[in-house]
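Report on the structure given below.
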Amino acid sequence: MKTKDKILYKSLELFNHEGEPNVTTMDIAQELDMSPGNLYYHFRNKDEIVLELYKLFQKAYTPRLEELEQCLVGLENQPLVISCLFETAWTYRFLFLDCHQITQKYSSLKKRLHWLLIRKRMAYLHLLETLTELDLLVFDTRSSLELLVDNLTTVSFSWMNYATLRNKTLSEHALSQGVAQMMALLTAHFKNTNNASINTQKTEANLQ
C-alpha cells in the first residue's frame, strides 16, 4: 500500500473511533510510526486529509445512490439496497456524527455535503415516483410523496446521531436500526398493507 493510502486509512480509523476533533496530524504520524515531515510531504495539513477522505466516500457512495434509483423490481430488494447505502456511510461515519461542526471547520465540505443532500433527495424522489408508477406505493397527494422524500433524506443524514443519543453509544447495531427506520417509512405507503406489515417486522431481523 502506498504511503498516502496508509495515511488516509489510518486517519479514517482514528477519526471514526476517536472523533475527528480529537485527532491531530501528530497522532496520525505516531500511529503510523512515521515522521511528521513524511506525513506533510503527502498532506500539508489535516484539512487536506479530511477532504480526500470525503472524495473517497463520495466515490463509493454515488454508485449506491444510482443502484437505489435503478431498483425497479419492488420493495423486496429495498432493505438490501438501503443497507448498502448505510454501510458506506458507516465506513466514513466521522463525516456525519456532527455535520454542522465539520462543515463549519472545513469550509470545503459545506458545498460538498449540500450537494450530497440534494443528490440523496433526488434519488429518493426518483425511487418513490418509480414505485408509485409501478402501483406499489400509494399517496393521497403529491405533497405526501414530497414529505416522505424529506423524511427519508432526514433519516439518512441523522440516523447515527439519533442512535448515539438513544443508546448513549454508537455500535454497528445502529445500521440495522437505521435501515429499519427507512423501511418503516416506506412500507407505511405500500399498497398491500399486509405485506407491508410483514416486511416491516422482518427488516431489522434480516439485517442483523
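The values are calculated or read from the model by the stated rules, or taken from the named source; none is laboratory data. Treat the numbers as computed from the prediction; the structure is a model and nothing was measured. For neighbour counting, all protein chains shown are included, and Cβ atoms are generated from backbone atoms with ideal geometry for every residue, glycine included.
Annotation for region 88-96: at least one member residue is assigned to a helix (DSSP H, G or I) and over 20 Å from Pro63 (Cβ atoms). Scanning region 14-50 for residues that are in contact with a Leu (Cβ under 8 Å, 6 or more places away or on another chain), within 30 Å of Pro79 (Cα to Cα) and surrounded by fewer than 18 Cβ atoms within 10 Å (Cβ to Cβ) yields a total of 1. As a summary of the residue check, Gln101 satisfies the conditions (1) surrounded by 13 or more Cβ atoms within 10 Å (Cβ to Cβ); (2) in contact (Cβ under 8 Å) with a residue 24 or more places away in the chain except for the one numbered (1). Here the condition is being of a type outside the set (A, V, I, L, M, F, W, C) and over 14 Å from the mean Cα position of the chain (by Cα); of Gln101, Gln58, it holds for Gln101 alone.
Scanning region 15-34 for residues that are farther than 16 Å from Asp98 by Cα and either under 22 Å from the mean Cα position of the chain (by Cα) or among the small types (Gly, Ala, Ser) (or both) gives a single hit, Ala29.
Every listed requirement among (1) buried (at least 20 other Cβ atoms within 10 Å of the Cβ); (2) within 18 Å of Phe157 (Cβ to Cβ) is met by Glu87 save one, (1).
Of the helices (runs of 4 or more DSSP H) lying entirely inside region 117-207, those containing at least 1 residues that are among the hydrophobic types (A, V, I, L, M, F, W, C) and at pLDDT below 85 span 193-207. The set of residues in region 151-173 that are closer than 13 Å to Leu85 by Cβ and either in contact with a strand residue (DSSP E or B) (Cβ under 8 Å, 6 or more places away or on another chain) or of a type in the set (Ser, Thr, Tyr) (or both) comprises Thr153, Ser156.
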